[in-house]
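A quick write-up on the structure given underneath.
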Amino acid sequence: MTAGPPPRFRGVFPVVPTIFDDSGELDLDGQRRCVDFMIDAGSDGLCILANFSEQFVLTDGERDQLVHGILDHVSGRVPVIVTTTHFSTQACAERSLRAQEAGASMVMIMPPYHGATIRVREPEIFEFFQAVSDTIGIPIMIQDAPVSGTALPAAFLARMAREIANVAYFKIEVPGAADKLRELISLGGDAVEGPWDGEEAITLLPDLEAGATGSMTGGGYPDGIRQIVDAYRDGRREEAVEAYGRWLPLINHENRQAGLVAAKVLMKEGGVIASEAVRHPLKPLHPRTRAGLIETARRLDPLVLRWA
C-alpha cells in the first residue's frame, strides 16, 4: 500500500482566546498581542471562535469583527481555522463562506445540536455537512466533542470523509479518543487527511500513538505542546514521553480545574494582555485555583510568562 499525500495542515493549532477589557468589551489591541504571542510561541496554526474562545458570548457583529481583525493581523504568518458552528445549515454555510472569503484556511464545525435535547439524525447531519462543503472550497474539520451530545460513530465520520469533498479533518475529543482515532484512520484511509486530538491535549500521547497528526489545545503554552508533538513526529518517542509527563500537570490543571480562562490568566500574568476577564455569566477563577495554575506553570518556564 502506498502512502497518501501529506496533510495540508498538521502540528499544534491552539485555540485563540477572545480578549476582553475589564468592562467586558472586546480589547482588539490585546487580541493582536495575544495572537502575536501565540505565533511566537511556536503555534503551527491557530483556531479562532471555538468554545474556548467563548464564541457563545459573542454577537454576530463581534464574530465578524474578530474574523477580519485576526486574519488581517495574522497576514498569512500561519494558517487560521475559523469555527463556524451553527444549528442552521444555511447559517453555517454562510458563516463558512464568509470565513473563507476573509482568508480562513479551514473551518471547524460541530454537528447541529441545540440545548440538552434537540438533535438530528445521521442522514440530516450528512446533508448538513454536504451543504456546507458545496458552499466552500476549503477543508472542513468536524469537531467530535461531548458538548454536542451527538454520537458520531467512527464509521459515519469515515463515510463523510470518503463521500463529502471538503470533509477531511476531525478533532476527536470524546472518551476513548485514541481507539476512535485508530478506527477512523482504519476505516477512512487517505480520505481522513487530518485525524486530530483535542481536550487541551490531556490524552495527547496516546492519541499521537493512535495516529493523530495534529492537536488543538488551549492557547497558553504552544511551546510546551510543541515539545511533545515535535519529538514524537521526529521519531524521538522517549523524549516525547518525558515531555508529556513534564507538561501533564499544567495540561491537567487547565483541563480539569481552570478551563477556558486558563490561557487568559497565563497571558495576563505574563503581561501579554491587560485583562483576563470573561463575559458574564462566566466567572473568573477562584484565587486559589488561579494561584495553583500560575505555580504549576512557573515550574515549566513557558514563554507566556516572559514574552512581554
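From the list Glu269, Glu239, the lone residue that is closer than 15 Å to Pro17 by Cβ, in contact with a helix residue (DSSP H, G or I) (Cβ under 8 Å, 6 or more places away or on another chain) and either of a type outside the set (Ser, Thr, Tyr) or buried (at least 16 other Cβ atoms within 10 Å of the Cβ) (or both) is Glu269. The criterion of being more than 28 Å from Val265 (Cβ to Cβ), crowded, with 22+ Cβ neighbours inside 10 Å and of a type outside the set (Ser, Thr, Tyr) holds for Cys92. Scanning the stretch 200-212 for residues that are under 9 Å from Ala177 (Cβ atoms), of a type in the set (D, E, K, R) and surrounded by fewer than 23 Cβ atoms within 10 Å (Cβ to Cβ) yields nothing. Scanning the stretch 61-107 for residues that are among the polar types (S, T, N, Q) and either part of a loop (DSSP other than H, G, I, E, B) or in contact with a Gly (Cβ under 6 Å, 6 or more places away or on another chain) (or both), we see that the one that is farthest from Ala165 (Cα to Cα) is Ser75. Scanning the stretch 272-293 for residues that are among the aliphatic types (A, V, I, L, M) and surrounded by 17 or more Cβ atoms within 10 Å (Cβ to Cβ), we see that the one that is nearest to Ala243 (Cα to Cα) is Leu293.
Can Leu58 be described as out of contact with any strand residue (DSSP E or B) (no Cβ under 7 Å at 6 or more places or on another chain), surrounded by 15 or more Cβ atoms within 10 Å (Cβ to Cβ) and farther than 19 Å from Ile164 by Cα? It is true that Leu58 is out of contact with any strand residue (DSSP E or B) (no Cβ under 7 Å at 6 or more places or on another chain), surrounded by 15 or more Cβ atoms within 10 Å (Cβ to Cβ) and farther than 19 Å from Ile164 by Cα. A search for C-beta distances below 8 Å between a residue of the stretch 46-61 that is modelled with pLDDT of 95 or more and any residue that is surrounded by 15 or more Cβ atoms within 10 Å (Cβ to Cβ) and of a type in the set (Lys, Arg), counting only pairs 6+ apart in sequence or on different chains, returns Leu49/Arg63; Gln55/Arg63. Looking across the stretch 96-154, the residues that are surrounded by 15 or more Cβ atoms within 10 Å (Cβ to Cβ), among the aliphatic types (A, V, I, L, M) and within 15 Å of the chain's Cα centre (by Cα) come down to Ala104, Met106, Val107, Met108, Ile109, Met110, Ile140, Met141, Ile142, Ala145. Which pairs have Cβ atoms under 9 Å, sit 6 or more apart or on different chains, and link a residue in the stretch 290-308 that is more than 15 Å from Glu254 (Cα to Cα) to one that is outside any loop (DSSP other than H, G, I, E, B) and among the acidic types (Asp, Glu)? Hits for this filter: Leu303/Asp40; Leu303/Asp223; Leu305/Glu269; Trp307/Asp36; Trp307/Asp40. Number of residues in the stretch 32-43 that are touching a residue at least 60 places away in the same chain (Cβ under 8 Å) and either out of contact with any Asp or Glu (no Cβ under 6 Å at 6 or more places or on another chain) or not in a loop (DSSP other than H, G, I, E, B) (or both): the value is 6. Among the conditions (1) touching a strand residue (DSSP E or B) at 6+ places or on another chain (Cβ under 8 Å); (2) surrounded by fewer than 22 Cβ atoms within 10 Å (Cβ to Cβ); (3) closer than 22 Å to Tyr232 by Cβ; (4) among the hydroxyl-bearing types (Ser, Thr, Tyr), Tyr169 misses just one, which is (2).
The values are calculated or read from the model by the stated rules, or taken from the named source; none is laboratory data. Nothing here was measured: the structure is a model prediction, and the numbers come from that model. In this analysis, Cβ positions are derived from the backbone assuming ideal geometry, glycine residues included, and neighbour counts consider all displayed protein chains.
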